[in-house]
1. Is it the case that region 55-74 has a residue that's without any contact (Cβ under 8 Å) to a residue 40 or more places away in the chain, of a type in the set (Gly, Ala, Ser) and touching a Pro at 6+ places or on another chain (Cβ under 6 Å)?
2. If a residue has to be over 15 Å from the mean Cα position of the chain (by Cα) and crowded, with 17+ Cβ neighbours inside 10 Å to count, how many in region 158-169 make the cut?
3. Out of (1) touching a residue at least 40 places away in the same chain (Cβ under 8 Å); (2) within 16 Å of the ligand (Cβ to nearest atom); (3) β-branched (Val, Ile, Thr), what's the single condition that is false for ILE121?
4. Considering only region 116-216, give the strands (runs of 3 or more DSSP E) lying wholly within it that have at least 1 residues that are out of contact with any His (no Cβ under 7 Å at 6 or more places or on another chain) and of a type in the set (S, T, N, Q).
5. Just need a number here: residues in region 95-104 that are loosely packed, with under 15 Cβ neighbours inside 10 Å and either closer than 15 Å to LEU163 by Cα or touching a residue at least 24 places away in the same chain (Cβ under 8 Å) (or both).
6. Please identify the pairs in which a residue from region 4-22 that is under 15 Å from GLY48 (Cα atoms) and open to solvent by 10 Å² or more (accessible area, probe 1.4 Å) has its Cβ atom under 7 Å from the Cβ atom of a residue that is at pLDDT 95 or above and part of a loop (DSSP other than H, G, I, E, B), counting only partners at least 6 apart or on another chain.
7. Applying the selection to region 80-94, what residues are touching a residue at least 40 places away in the same chain (Cβ under 8 Å) and open to solvent by 10 Å² or more (accessible area, probe 1.4 Å)?
8. Among the candidates ALA219, ALA196, which residue alone is of a type in the set (A, V, I, L, M) and open to solvent by 60 Å² or more (accessible area, probe 1.4 Å)?
Amino acid sequence: MRTSLVVGNWKMNGGLATNARLLDRLVSEWRPSEGRALTVCAPYPYLGQAQAALASSAIAWGAQDVSAHAAGAFTGDVSAGMLVEFGCRYAIVGHSERRHIHRESDVEVAQKAKAALSAGITPIACVGETLAERDAGKTEAVVMRQLGAVVEALGADLAKIVLAYEPVWAIGTGRTATPAQAQEVHATLRAELTKARAPNICILYGGSVKAANAAALFAMTDVDGGLVGGASLDADEFLAIARA
Ligand code: PGA
């Protein structure tokens, strides 16, 4: 049985007052019986706020990145062990903005996933091709290379991760992959995960998910939910996506 999950990725957005309003609405309006687990990934300074606001709710929270290292001279980084002390359940790793802006390699992303898991945090490992890569017919090769590094690093623990397919050309652009385009890549990823003995991993789609397109995307056989950026900052949109 695969779990369904919707994850809000706030990115570098928010403030104490706006977060409080958003979290309040999620807590008062989301019912766990609605068939899908819900998580918000806030910027580091607001994780304590998310922890407090969500404490008695069914909504989990997570970080948007985590260090590959346990401790030491890594100025500005945060370890999985620190996050878990506060009850952090998830950490996004390998988001395309980290891969591109911070030049994170496939191996580094895989090491981050490993560090998260060893502290008891579920990594949400992201893969996805750029528009140039898609146009050059390299989508499968790119996502397989990115996934391959994670498979190699995690071994039997692979079954404990969440995977997210996020085509870079669909992130924040308003240009969503069609349900068929998403399903095609998800099926390829699922086949590879099945070979690696992790067939039931939750595979999320991300990239301009909105209330208006969520149901069609989530209806696809291998799409188990969404990783939602912009629309997760709006309570009405995010709740509608979670219920889609
Ligand atoms: P978007 O972002 O929903 O704003 O396209 C998704 C993501 O980057 O995780």
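1. Yes, region 55-74 contains a residue that is without any contact (Cβ under 8 Å) to a residue 40 or more places away in the chain, of a type in the set (Gly, Ala, Ser) and touching a Pro at 6+ places or on another chain (Cβ under 6 Å).
2. Going through region 158-169, the residues over 15 Å from the mean Cα position of the chain (by Cα) turn out to be 158-159, 169.
Keeping just the survivors that are crowded, with 17+ Cβ neighbours inside 10 Å gives 158, 169.
Final tally of qualifying residues: 2.
3. So the condition that ILE121 fails would be (2).
4. Working: elements: 122-127, 162-165, 202-206.
It comes to 122-127.
5. Within region 95-104, the subset loosely packed, with under 15 Cβ neighbours inside 10 Å is 100-103.
Then keep just the ones that are either closer than 15 Å to LEU163 by Cα or touching a residue at least 24 places away in the same chain (Cβ under 8 Å) (or both); that gives 100.
Number of matching residues: 1.
6. Pairs found: GLY14/ALA42; GLY14/PRO43.
7. ARG89, TYR90
8. Working: ALA196 fails: open to solvent by 60 Å² or more (accessible area, probe 1.4 Å).
ALA219 is the lone residue from the list that is of a type in the set (A, V, I, L, M) and open to solvent by 60 Å² or more (accessible area, probe 1.4 Å).
The values are calculated or read from the model by the stated rules, or taken from the named source; none is laboratory data. What you are looking at is a predicted structure, and each value in this text was computed from that prediction instead of being measured. Virtual Cβ from ideal backbone geometry, glycine too; neighbours counted across all protein chains shown. Protein only, heavy atoms only, side chains kept; ligands, DNA and RNA dropped before computing areas. Shrake-Rupley method; radii C 1.70, N 1.55, O 1.52, S 1.80 Å.
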